[in-house]
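Visitor: Have a look at the structure that comes next, please.
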Amino acid sequence: LDAAPDGTIWAATFGSGLFAVHPDGRIDRFDATHGGIDPNVLSVRTRGNEVWIATLTGMSKVLNGEVTPYGSPGTGFMFMALPLADGTVLGATDGSGVVRLVGQQLGPVSATGPRTYYSLAQDSAGQVWAAGPASGLCRLTDTAMVCTGSELPMFNGDLFALAAMGRRVLVFSNSGCMAYDPATGHWTDLTAR
C-alpha cells in the first residue's frame, strides 16, 4: 500500500493487479485488460502524482490513468520500485541487482555484489538501502553496493522488507526485526520488543 498526496490509496495485489481507492470512495483497477499491467504487482510507491509499480514483468509508471511500462533487465522480475525525490527511480530485481531508470532504459547500479534484492528504502539522510537473500544490508553509492551484516542469522532465511525510521534502517525477516544505525554501525535486535 501507498498513499498519494491527493489521498488516494494505492494497493498492489498478487493476481488482481493494482487498485486505486480514491477519497470519494471510487475504485479504479489496473490489470492486463485495463492499463496493460501484469496482474502480479509486488510493490507500489508514489511520488507526487506518479505511481511506480514492480511486477513479475518489470517496472511501470501510472500517471493520470496512463501506464508506461519499462520492463526489467535480463530475465528476472522486479520486487520493488523506489522513486526518489530527485527524480531517480530504482528497482530491486531478481537477478540483475539494483537497477536505475535512465531515460527509458533500466541499467545496473553496480556490476558487482548480490544480484537479487527484495526491498529498498531511503533513510532521513538520503541514503538508499537494499537487502535480499544472504546479501546483508547494502548501502547504494553512485557505482557500488556496500554491504554489512550478511553473517547475521536474519539474512539466512526469508527477508520481508526494509523501512527507514529516523536515523535507523529496520530489517524485517522470518527470524525477527533488527535496527541498523549507519552512523555507528551498531545493530539492535528488536524482535523481543
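Visitor: So, with a 1.4 angstrom probe, what is the percent of accessible area on the range 146-189 that is carbon and sulfur?
Guide: That share works out to 54 percent.
Visitor: Would you work out if the range 104-167 is rounded, prolate or oblate? Take a ≥ b ≥ c from the square roots of the eigenvalues of the alpha-carbon gyration tensor; rounded if a/c is under 1.5, else prolate when a/b is larger than b/c, oblate otherwise.
Guide: oblate
Visitor: Among the Cys residues of the chain, which have no other cysteine Cβ under 4.7 angstrom away?
Guide: For the chain, the answer is Cys177, because their Cβ atoms have no other cysteine Cβ under 4.7 Å.
Visitor: Return one whole number: the accessible area per residue of the range 105-193 in Å², for a 1.4 Å probe.
Guide: In whole numbers, the range 105-193 has 51 Å² accessible per residue.
Visitor: Taking a ≥ b ≥ c as the square roots of the Cα gyration tensor eigenvalues, with a/c under 1.5 meaning rounded and otherwise prolate when a/b beats b/c, else oblate, which class fits the range 65-112?
Guide: oblate
Visitor: Hey, what's the range 3-61 come to in accessible area per residue, 1.4 Å probe, Å²?
Guide: In whole numbers, the range 3-61 has 46 Å² accessible per residue.
Visitor: What does the charge count around Phe77 come to, taking other residues whose C-beta lies under 14 Å from its C-beta (Lys +1, Arg +1, Asp -1, Glu -1)?
Guide: -1
Visitor: Would you mind telling me the share, in percent, of accessible area of the range 7-121 contributed by carbon and sulfur at probe 1.4 angstrom?
Guide: 53
Visitor: Report the Cα centroid-to-centroid distance between the range 62-119 and the range 1-41 in angstrom, as an integer.
Guide: Between the Cα centre of the range 62-119 and that of the range 1-41, the gap is 20 Å.
The values are calculated or read from the model by the stated rules, or taken from the named source; none is laboratory data. Just so we're clear, the structure is a prediction, and the values are computed from it rather than from any experiment. For neighbour counting, all protein chains shown are included, and Cβ atoms are generated from backbone atoms with ideal geometry for every residue, glycine included. Accessible surface is based on the protein model in full, side chains and every heavy atom, while ligands, DNA and RNA are left aside. Shrake-Rupley method; radii C 1.70, N 1.55, O 1.52, S 1.80 Å.
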